[in-house]
Amino acid sequence: MNVQGKHYRTIWLHPSDPTIVQIIDQRHLPHQFIIEDLSTVEAVARAIKDMHVRGAGLIGATAGFGMYVAALNASRSSMAAFMADLRRDGDILCATRPTAVNLEWAVKRQLEAIEQAGPDIEAMIDAALQTAQAIADEDAEYCRRLGEHGKELIKEISAKKGGEPVNVLTHCNAGWLAFVDYGSATAPVYAAHDEGVATHVWVDETRPRNQGARLTAWELVEHGVPHTVVADNVGGHLMQHGLVDLVIVGTDRTLYTGDVANKIGTYLKALAAHDNGVPFYVALPSSSFDWEKRDGLKEIPIEQRGSTEVKYIQGLHNDEIVQVLLTPEASPAANYAFDVTPARLVTGLITERGICPASEEGILNLFPEKRSNQ
Ligand code: MRU
């Protein structure tokens, strides 16, 4: 997508040194646009854990490139030693964040591809590079495609409203910053906007890290999409007053049964949407499906992060990014990063293959090759 008119993805190889991976360090957005170089597995792991990069698709793509960096740095004394280093590094990457399923998916895909390319170690490193690039390219292409499918929902509503702006509410950042390009929840919005369909986005601020207020709002400004940032608790009120036509959110892990893990607060939006008859869609590339777990509430690991994210808020003051204490210093704070929205509250899933009901039947009809997994 475009930043000040220049096209960027969220992750790429350094143009003059292909052993270095470059990312946009999202901790500084929207106030500073900083590119970071990564050339060790430790640096890649830190970038994921401390959220220089974040969002399910981008976490997966970063893990893919992380395994390429691991391959460059692994022991070359034998294939066994090389693979042992890679497995250890894969474990390090997988331990960074537990909820987004794309992370373990990308590491597993890399280990299989690298092992298959053996026993020549140069060929294995090349396979790691090709796979990292394939994961990133697929992520971008799948998001583009799901945007085309989701656009039809917006166009239908627009037609019913006689061309009046379609009001879409979204939570957190499932935009291009959360993927390699296009985004999931925002891809239908960008596609509709680019086609001239009047669209307006309600952007939940998304405490505690404010991915909506900082990142989604920044993306929408860069793309020229009309939007309004609202405090997290406003969505229910907007829906009661007919000011939301459609909710579209992303997901960090969606089970093949239709249960959806997404940023904390998503469940409350789904409840409000259900109560007010507002369609509630989840947009995802297939890399965010978990084909093994059945019960979202019992089985999806929910990340708990440090209390400082709740107690402090970050912003710009005198041209400097600062953290400000919000709560009494002595108050403990809890920081559950995700929640699970049960399938029954989800109107449908927007995927690269089309839109389906959030049910085992609906999902497996779209991905029949996964029936054998169950
Ligand atoms: O903690 P984050 O920022 O990595 O959380 C992920 C998210 O941005 C959201 O949950 C998003 O809606 C799904 S990821 C595409």
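The values are calculated or read from the model by the stated rules, or taken from the named source; none is laboratory data. These figures come from a predicted structure and were not determined experimentally. Every residue, glycine among them, receives a Cβ derived from its backbone with ideal geometry; neighbour counts consider all protein chains shown. The accessibility values were calculated without ligands, DNA or RNA, using every heavy atom of the protein model including side chains. Shrake-Rupley method; radii C 1.70, N 1.55, O 1.52, S 1.80 Å.
Placing unit charges on the Cβ atoms of the charged side chains and taking the dipole of the range 18-89 about its Cα centre, the candidate lying farthest along the positive direction among Ile20, Met83, Gly55 is Met83. The loop-placed GluC sites (Glu not before Pro) in the range 323-362, going by DSSP, that have at most 16 neighbouring Cβ atoms within 10 Å of their Cβ come out as Glu329. Bins of 10 Å, beginning at zero and ending with the bin holding the largest distance: percent of Cα pairs per bin for the range 127-167, please. Per 10 Å bin, starting at zero, the Cα-Cα P(r) for the range 127-167 comes out as 27, 28, 21, 15, 8, 0 percent. Taking Cα atoms, how many degrees apart are the long axis of helix 79-94 and the longest axis of the chain, rounded to 10 and kept between 0 and 90? The angle comes out near 20 degrees. Can you classify the range 2-138 as rounded, prolate or oblate using the Cα gyration tensor, where a ≥ b ≥ c are the square roots of its eigenvalues, rounded means a/c under 1.5, and otherwise it's prolate if a/b beats b/c and oblate if not? Because a/c hits 1.5 or more and a/b exceeds b/c, the range 2-138 counts as prolate.
When only alpha carbons are used to place a centre, the range 90-155 and the range 330-346 end up 27 Å from one another. Solvent-accessible area of the range 2-138 (1.4 angstrom probe, protein heavy atoms only): carbon and sulfur portion equals 51 percent. Per residue, the chain exposes an accessible area of 41 Å² to a 1.4 Å probe, with every protein chain left in place. Loop-located trypsin sites (Lys or Arg not before Pro) across the range 255-328 with a Cβ neighbour count of 15 or fewer within 10 Å are Arg294, with loop assigned by DSSP.
Principal-axis analysis of the Cα atoms of the chain puts helix 101-117 at an angle of about 30° to the longest axis.
Computed on the Cα trace of the chain, the radius of gyration divided by the Kirkwood hydrodynamic radius gives Rg/Rh = 0.97. Farthest toward the positive end of the dipole of the range 147-373, out of Gly162, Trp218, Leu268, is the Cα of Leu268, where the dipole comes from beta carbon charges about the Cα centre. Evaluated with a Cβ-only charge set (Lys, Arg +1; Asp, Glu -1), the chain carries a dipole of roughly 640 debye about its Cα centre, given to the nearest 20. Lys-Lys pairs in the range 147-373 that are eight or more residues apart or on separate chains and whose Cα atoms lie under 24 Å of each other come to 15.
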